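All remarks here apply to the structure that follows.
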Amino acid sequence: MSGAADYHALRPSEVGAAAAILSRAFGGGDASASERWIRNETGLEHVRVLCEDGAPLATAVCVPMDAWMGGRTVSHVGIAGVAVAPEARGRGLARRIMTHVLKELQAEGVAISALYSAMHRLYRGVGYQDAGELWDVRVPAGMIEATDRGGDWRPMRDGDLPAIAACARARGRLVNGAMERGPYCWRRVFTPRQGDSEVFVAEDGDGGIEAYAAYRVERRGDLGPQTGTSAGMLMVCTDVGYASARGLQRLLGFLRGFASVVGEIELHDFPGSPFIMALLDRRYWIELRDMWMLRLVDVPGALAERGYPAGLDATIRFRVSDDLLPQNDGGIALRIRDGVGEVTKDGTSDAIDIGVREFAPLYTGMLTASQLAHAGHLRGSESQIALADAAFGGGRAVGFDFF
């Protein structure tokens with residue numbers, strides 16, 4: 001095709017063509033399933049297409065959902081459904097549509113963007129880098145011990161979602177990378193493609209929800225080596241949450257109550273989590289399901305929106321390079337006080353030199369500045385690197401949602 005490329009939000013007349021591109025790209029072959037996903041889950045307003053001569057040739061889906069970083073929410077858009085029509089591959093259209101998406105997000109004031117990669121070379125080329133993890137855990141139901149045996153739970157009612165979201169928030173704010181879910185991710189919790197979840201909640205006595213579990217119980221398939229001796233059914237938790245130490249005990253007690261019929265319980269968690277620390281033994285199965293990638297779309301905004309250690313009083317200077325979004329280029333000073341960061345332009349020579357791609361694992365805390373410096377991914381004085389270590393931490397950055 002010879003016409004000029006046109007990037008825009010998906011139009012109703014283009015849904016069929018976009019669905020065909022997605023179904024062919026992701027191996028399903030069923031365009032009707034992709035069309036249902038567009039219409040019923042993502043919404044046309046969140047789908048972007050790149051067209052030539054009026055025909056869509058590439059797609060990308062932008063899912064708004066803020067992310068927790070350092071105990072504060074950061075404006076964030078998840079990317080999914082990046083696909084190119086078979087006849088148009090090899091022409092750089094995936095990079096072109098991602099460039100359009102990132103420029104649009106930056107213009108809208110979005111701070112960061114995350115995605116699960118099917119092609120690292122593409123996403124690294126536009127500034128994303130591995131920055132966090134998604135884990136699958138399977139636990140023998142009989143290995144759960146709790147001081148609370150699961151009483152006073154009830155099914156979810158209409159109107160419960162705000163209280164459930166508040167409960168999820170109490171856990172998520174302590175984890176770098178947890179999503180502040182929007183409608184798209186909550187639909188995936190309650191109505192996953194494998195079958196609707198049952199949702200039960202435990203009230204806290206003050207009108208709030210102290211714990212909840214969204215799950216389905218299914219017959220055991222071929223799970224490979226089993227972690228327990230029970231031949232019972234499998235309980236798949238699409239989400240669990242607890243707002244306090246007592247909420248965790250109530251959740252553990254609720255799950256333990258299924259041990260008479262359930263052999264194993266599957267959920268998203270991470271190594272060394274409070275849930276895993278509460279287990280009787282280490283005979284659980286855990287696997288890294290995927291890494292998620294992050295990009296700082298608006299570097300000053302991302303640094304200002306994130307939280308920091310409350311006791312740290314420091315100024316850290318960065319000199320950032322970003323070939324794709326030049327507004328991020330240059331020197332900035334991050335002033336941290338009382339857990340909050342303030343960002344100003346700064347041209348000082350005493351700065352950490354870092355590319356926007358390498359900034360991602362530092363920003364989430366997955367890698368320390370010292371680790372990145374040791375591997376040659378940033379340069380700076382010992383004092384500035386030490387301050388960056390203190391500001392961003394270093395350790396596990398995880399999520400609980402696959403989007």
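The values are calculated or read from the model by the stated rules, or taken from the named source; none is laboratory data. This structure is a prediction, so every number in the text was calculated from the model and none was measured. Here the Cβ positions follow ideal geometry from the backbone for every residue, glycine too, while neighbour counts run over all protein chains shown. Ligands, DNA and RNA are excluded from the accessible area calculation, which covers all protein heavy atoms including side chains. Shrake-Rupley method; radii C 1.70, N 1.55, O 1.52, S 1.80 Å.
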Could you name every one of the strands (runs of 3 or more DSSP E) located completely within the range 242-361 that has at least 2 residues being in contact with a Lys or Arg (Cβ under 9 Å, 6 or more places away or on another chain), open to solvent by 40 Å² or more (accessible area, probe 1.4 Å) and within 28 Å of GLY78 (Cα to Cα)? 285-296, 340-345
Got a number for residues in the range 50-62 being touching a residue at least 24 places away in the same chain (Cβ under 8 Å), crowded, with 23+ Cβ neighbours inside 10 Å and either β-branched (Val, Ile, Thr) or touching an Asp or Glu at 6+ places or on another chain (Cβ under 6 Å) (or both)? 2
For the range 89-112, indicate whether the set of residues that are of a type in the set (Val, Ile, Thr) and in a strand (DSSP E or B) is non-empty. yes
Counted residues in the range 113-138 being in contact with a helix residue (DSSP H, G or I) (Cβ under 6 Å, 6 or more places away or on another chain) and either in a loop (DSSP other than H, G, I, E, B) or of a type in the set (A, V, I, L, M, F, W, C) (or both) come to 5
Of all residues in the range 362-379, which are in a loop (DSSP other than H, G, I, E, B) and surrounded by fewer than 18 Cβ atoms within 10 Å (Cβ to Cβ)? ALA375, GLY376
Is at least one residue of the range 194-215 out of contact with any Cys (no Cβ under 7 Å at 6 or more places or on another chain), charged (D, E, K, R), under 23 Å from ARG36 (Cβ atoms) and open to solvent by 40 Å² or more (accessible area, probe 1.4 Å)? yes
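Results for (1) among the small types (Gly, Ala, Ser); (2) open to solvent by less than 20 Å² (accessible area, probe 1.4 Å); (3) more than 21 Å from TYR363 (Cα to Cα); (4) touching a residue at least 12 places away in the same chain (Cβ under 8 Å), shown as yes or no for each residue.
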| position | (1), (2), (3), (4) |
| --- | --- |
| VAL74 | no, yes, no, yes |
| ALA85 | yes, yes, yes, yes |
| LEU93 | no, yes, yes, yes |
| MET119 | no, no, yes, yes |
| GLY132 | yes, yes, no, yes |
| ARG138 | no, yes, yes, yes |
Selection from the range 200-221 of residues that are of a type in the set (A, V, I, L, M) and either in a loop (DSSP other than H, G, I, E, B) or under 22 Å from the mean Cα position of the chain (by Cα) (or both): ALA211, ALA213, ALA214
Test set (1) out of contact with any helix residue (DSSP H, G or I) (no Cβ under 9 Å at 6 or more places or on another chain); (2) modelled with pLDDT of 95 or more; (3) over 28 Å from VAL299 (Cα atoms) - PRO192 fails condition number: (2)
